[in-house]
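The values are calculated or read from the model by the stated rules, or taken from the named source; none is laboratory data. None of the values given here were measured: they were computed from a predicted structure. Cβ placement follows ideal geometry from the backbone for every residue including glycine, while neighbour counts extend to all protein chains displayed. When the accessible area is computed, the model is the full protein with side chains, heavy atoms only, and any ligands, DNA or RNA have been set aside. Shrake-Rupley method; radii C 1.70, N 1.55, O 1.52, S 1.80 Å.
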Amino acid sequence: MERKIITTSDGSKTIHIVDWDEQYHSKHGAIQEAYHVFIKSGLALFSGSDVAILEIGFGTGLNALITLLEAEKRALNITYRGVEAYPITEVELQQLNYIAELQATDFQEQFLQMHQSPWEQHTAITTRFSLCKQQKDFMKIDDVAAFNLIYFDAFGARVQPELWTEVVFAKMYKALKNNGVLVTYAAKGSVRRAMQAVGFVVERLPGPPGKREMLRATKKEG
């Protein structure tokens, strides 16, 4: 499918899939959305020093990059698993402006290392951030009680409805530790009901720019 680099409303770039009329990040602001959904509504809940994160849709690496930056600020040790079926190209990577927009020039090398590190191997990107990328279909995820936090950043249900079903969320529930949290930009009623059907306690939260609401789901056993 044809992919183009576009500039979102906050000045940061993202990838637009022409055939689907779908973006990797919100056209209302890629960086703003990432911080609101995944940091403010997700990572900020964890004050412990060690946090294991699963990202569904590694994509441009923006969510991983801002998590690395937050790990440094918050003195967190992050173990990060990024799952991606269709990695971006080197040409696309070179057009992304996240380092400049985040004023994070000291982490340019680490951002490149995220994308250039081997798949299926744990790589220490910094002393506080370890990354393992997996190139596979989301349906093949079979982890059990392995993560504190899931960034669910798959393409929207409009274009990939199969990723927003009870089958997939049951896998996410299984992959989380007790009291683990899943956050996503999505807010559709069908998505919320699918989460609840597999056992999640689901909250509607104010959404990022351009969206009224988002969802946060918590695994509570016993």
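Things to note:
- Residue check for GLN108: touching a Phe, Trp or Tyr at 6+ places or on another chain (Cβ under 7 Å), more than 26 Å from ASN178 (Cβ to Cβ) and open to solvent by 70 Å² or more (accessible area, probe 1.4 Å): no
- Pairs meeting the criteria (first residue in the stretch 183-199 and within 26 Å of PRO209 (Cβ to Cβ) and without any contact (Cβ under 8 Å) to a residue 60 or more places away in the chain, second residue in a helix (DSSP H, G or I) and of a type outside the set (Val, Ile, Thr), beta carbons under 7 Å, at least 6 apart or on different chains) are ALA194/GLU166; ALA194/PHE169; MET195/PHE169.
- Within the stretch 177-217, being surrounded by 18 or more Cβ atoms within 10 Å (Cβ to Cβ) and not hydrophobic (A, V, I, L, M, F, W, C) holds for GLY180, THR184, TYR185, ARG192, GLY207, PRO208, ARG216.
- Within the stretch 80-105, if we keep just the residues that are part of a helix (DSSP H, G or I) and of a type in the set (A, V, I, L, M, F, W, C), the residue that is most open to solvent (accessible area, probe 1.4 Å) turns out to be VAL91.
- The stretch 185-222, subset among the β-branched types (Val, Ile, Thr) and in contact with a helix residue (DSSP H, G or I) (Cβ under 7 Å, 6 or more places away or on another chain), residue farthest from PHE138 (Cα to Cα): VAL202
- Qualifying residue in the stretch 114-122 (condition: within 18 Å of the chain's Cα centre (by Cα), in a helix (DSSP H, G or I) and modelled with pLDDT of 95 or more): yes
- Strands (runs of 3 or more DSSP E) completely within the stretch 1-79 that count 1 or more residues being hydroxyl-bearing (Ser, Thr, Tyr) and buried (at least 19 other Cβ atoms within 10 Å of the Cβ): 13-17
- Of the residues making up the stretch 91-107, just one is touching a helix residue (DSSP H, G or I) at 6+ places or on another chain (Cβ under 8 Å) and free of Cβ contacts under 8 Å to residues at least 12 places away in the same chain, namely THR105.
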